[in-house]
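The values are calculated or read from the model by the stated rules, or taken from the named source; none is laboratory data. The structure displayed is predicted, hence computed values, not measured ones. Methodologically, a virtual Cβ is constructed for each residue, glycine included, from the backbone with ideal geometry; neighbour enumeration extends over all protein chains shown. To get the accessible areas, we keep the full protein, side chains included, count just its heavy atoms, and leave off ligands, DNA and RNA. Shrake-Rupley method; radii C 1.70, N 1.55, O 1.52, S 1.80 Å.
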Amino acid sequence: MKMIHYEHIVEQVAEMCKKSNYNLGEDVYSAFKLALQTEQSEIGKEVITQLIENADIAKTEQVPMCQDTGTAVFIVEVGQDCHIVGGSLVQAINEGVKKGYGEGYLRNSIIYNPLNRKNTGDNTPAIVHLELVEGDSITIHMTAKGGGAENMSELKMLKPSDGIEGVKKYILSIVKEAGPNACPPLVVGVGIGGNFERCAYLAKKSLFRPLGIRHEDPVVAELEKELMTEINRLGIGPQGMGGSTTALDVKVEVESCHIAALPVAVNLNCHASRHQTISLN
Amino acid sequence: MQKKINLPLQEADLIALKAGDRVLLSGVVYTARDAAHKRMIEQEKEGIPFPIDLSNQVIYYVGPTPAKPGKVIGSAGPTTSGRMDLYTPRLLEVGLKGMIGKGYRSEEVKKAMIKHKAVYFGAVGGAAALIARSIKSSEIVAYEDLGTEAIRKLTIEDFPVFVINDVHGGDIYKEGVALYKS
Ligand code: SF4
């Protein structure tokens, strides 16, 4: 049986926190470059130019690209044949977040209790989703999820009779309502199906798929493309000041659900779409 | 077109600025976000005056990251302004002339801006490392216990913003989107 040490996880997670905040992924960076070519508005182009320059500065100086260094959200695929020694997995992740956010000069944005609003001072607790998989390795996916875009996200239990048109209309309405608040250009994550809580998770999970990669199911991939076109027709544009680049990408995940249900969740991500993945084996 | 403006904002600047203008701001601004706004307004109700004189000033809605050694400030981009809407009309009443943030303002705030002749600027949300370069000094002047949410006095130089709402009722969020909707 494979042994994975607590300390090893702590170190790796700390690095992921720093890297995700300093180094914008190649996928997002390429999407900026492409948007600069296609964007129709002058103001929009200026915004994208600033975003490219910002990503360059953050990477060169190893400083956070955005002051909101996010909630640290993890999806961890745990091989059922591996064994973690020296402490618990969730504890190790939180220890890593504390270390990474501290050493990395990242902002602590987490509060103990939404009602009394006192900062925990180390950006923990992280949000950790565990998925048990086959094998003996651990794959950790991490995102630093900004508050601005998260705040404009929403979930609705549609009626089955609303159908695909109803689903699209709902997604567009959320993007429209978010306008400038979610820091467009956006990555729009959509969950369809599951149940109430599963649907929200699907939407979040969809955001972990790199930009430019379509869903493997051609029907879902087609829906992503259609939504992308329709969202970019809304005219919201970079930072909501008008333009043809409202979304850099749209991701959809679909799952089975109850005969009476049509849950749809829209999890918006800003252009600071910060993701890291590592495998421990 | 890009304009350069030295703070504090003069009456003539306020009238000349139009929604959609690109502006480079230089001078002094104060940072305040959710917790600082809440405390200012709540304490004022108890008779405690604002910790800074806001007349003719500009507030920047930001909660920066901690500064790395040798740096003036950490990354410092705008936060969503709408969360301050509840408190803003009172601040405009006492003479606040400008706000820098991102995102929609309420109708009430927009009306108060026209009434008191104040401008709402948008900085690019997420361009925090770039923006930090135009901040030349930073000093905590009130509510130090609020950490990232403390009130700081910043000296800025060529700080890049766009005019979102001007004193004539112009709104680039509405006008810009109308132009590119298809
Ligand atoms: S929404 Fe994203 S880019 Fe905008 S301030 Fe928040 S984390 Fe930064």
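Things worth noting here:
- The distance linking segment B:135-168 with segment A:30-62 is 24 Å (Cα centroid to Cα centroid, whole angstrom).
- Phi angles of segment A:253-259 translate, via the Karplus equation with coefficients 6.51, -1.76, 1.60 and θ = phi - 60°, into HN-Hα couplings of 10, 10, 9, 4, 8, 5, 4 Hz per residue; Gly and Pro are given as x.
- Only DSSP H runs of four or more residues enter the estimate; each adds -39500 (n - 2.57), and after division by the residues of the protein assembly as shown the mean residue ellipticity at 222 nm equals -10500 deg cm²/dmol.
- Taking every lysine pair in segment A:148-274 that is 8 or more places apart or spans two chains, those with Cα atoms closer than 21 Å amount to 24.
- Judged by a Cβ-Cβ distance under 4.7 Å, the unpaired cysteines of the protein assembly as shown are A:C17, A:C66, A:C82, A:C199, A:C257.
- Contact residues in segment A:164-185 by the 10 Å² criterion (accessible area, 1.4 Å probe, full protein complex versus chain alone): A:K176, A:E177, A:P180, A:N181, A:C183.
- Gyration tensor (alpha-carbon) shape descriptor, segment A:122-259, a/c threshold 1.5: oblate
- With protein chains left intact and a 1.4 Å probe, residues in segment B:2-180 average 40 Å² of accessible area per residue.
- For segment B:172-182, backbone phi angles converted through the Karplus equation (6.51, -1.76, 1.60; θ = phi - 60°) give residue-by-residue couplings of 5, 4, 7, 5, x, 5, 4, 6, 10, 5, 9 Hz, Gly and Pro being listed as x.
- Each of B:R22 and B:A178 was given a label point 7 Å from its Cα along the Cα-to-Cβ line. The distance between the two points is 2.4 nm.
- Theoretical gain in end-to-end length, A:E134 to A:V90 [0.36 nm per residue, Cα-Cα removed]: 13.9 nm
- Carbon and sulfur %, accessible surface of chain B computed with the full protein complex present, 1.4 Å: 51
- The mean count of C-beta atoms from other chains within 10 Å of the C-beta of residues in A:50-56, rounded to a whole number, is 5.
- Semi-axis lengths, Å, chain A, gyration tensor of Cα atoms, sqrt of 5 times eigenvalues: 30, 24, 17
- Between A:N281 and A:T229, the modelled label-to-label distance comes to 4.0 nm, taking each label 7 Å out from Cα in the direction of the beta carbon.
- Accessible area of segment A:148-274 divided out per residue, in Å², using a probe of 1.4 angstrom: 38
- Gyration tensor (alpha-carbon) shape descriptor, segment A:10-159, a/c threshold 1.5: prolate
- Kyte-Doolittle mean at least -1.0, axial Cα span of 27 Å or more - DSSP H helices of chain A: A:42-61
- Mean separation of Cα pairs under 8 Å and 6 or more residues apart, divided by the residue count, gives chain B a relative contact order of 29 percent.
- Spin-label model, B:N56 to A:M1: label points 7 Å out along the Cα-to-beta-carbon direction sit 7.3 nm apart.
- Rounded to whole numbers, the Karplus 3J(HN,Hα) couplings from phi for segment B:26-32 are 9, x, 10, 10, 10, 8, 6 Hz, using 6.51 cos²θ - 1.76 cosθ + 1.60 with θ = phi - 60°, and x at Gly and Pro.
- Fraction of C-alpha pairs exceeding 18 angstrom in segment B:14-168: 54 percent, rounded to a whole number.
- Cut-off under 5 Å, modelled amide H: who pairs with A:I236 long-range: A:G243
- Amide H to amide H, with H built 1.01 Å from N, A:C257 comes under 5 Å of A:G194, counting only residues 5 or more places away or on other chains.
- Amide hydrogen neighbours beyond the local backbone of A:V190, cut-off 5 Å, H modeled: A:K251, A:V252, A:E253, A:N267
- Partners for B:K3 among lysines (Cα-Cα distance below 21 Å; same-chain residues under 8 apart left out): A:K45, B:K18, B:K97, B:K102, B:K117, B:K136
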